[in-house]
Amino acid sequence: MRIILADDSTLLREGLVRLLAEEGHEVVAAVGDATALLAEVERHPDVDAVVVDVRMPPTHTDEGLRAALRIRAQHTGIGVLVLSQYVEKRYATELLTGAGEGIGYLLKDRVVEVDEFLDALERVAANRTAFDPEVVRQLLVRSTHTDPLGKLTPRERDVLDAMAQGHANTAIAERLHVSRSAVEKHINAIFDKLELPGSSGYSRRVLAVLRYLGS
């Protein structure tokens, strides 16, 4: 396989480069941030898979996971294996439900299980899935909650979060880098999923925000 690696830990990155080379795979690039990762994917769109850490510079929050979602959206032939020290439930759910095949999510502790790591990488490169059992367990626990907000997609939660901050639709569109019509569709979906009728006599926008703040 031809692979691109992205992890801000030089030690882990170089260790993976050596491991993959010993297994007969070619690492065409190994970088330390999400911006460089996206640039390398554009430079090598024919790679089989990408291995990416969740938290990378500059904010060390979710840059790697956002890059993974973007790669799956724009390069459906590239498998993406996400590595994380923690279970990032929100974006793991988006990967699991939105990216379809060719995606994997492993906790970094699993990398020491070399055969398991290599198997997961081969599965995503073959357009199959590979999710860490602990990730799945935590997602299933989350999905069993009765919180009505659990019905919302991550993007709908972003929209609702912006609504709760008092932003109008145009401002929400600018913040999330989507069209105003897309924001309106998300808001209508939020109203439907939260079962907020249009004839209640109250502003559904206010009711949605109240439910959000009370969750």
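No value in this document is a laboratory result; all are computed from the given coordinates. Predicted model, so just to flag it, every value in this text is computed and none were measured. Cβ coordinates were reconstructed from backbone atoms using ideal geometry, including for glycine residues, and neighbour counts include every protein chain displayed.
Within segment 1-66, the GluC sites (Glu not before Pro) that combine a DSSP coil assignment with at most 14 other C-beta atoms in a 10 angstrom radius are Glu23. Count the net charge of all other residues whose Cβ sits under 10 Å from the Cβ of Leu5, scoring Lys and Arg as +1 and Asp and Glu as -1. Net charge around Leu5: -3.
Ignoring aspartates and glutamates fewer than eight residues from Lys193 along the same chain, the ones with Cα atoms less than 19 angstrom from its Cα are Glu94, Asp147, Glu156, Asp158, Asp161, Glu184. Other residues whose C-beta falls under 13 angstrom from the C-beta of Val27 contribute a net charge of -4, scoring Lys and Arg +1 and Asp and Glu -1.
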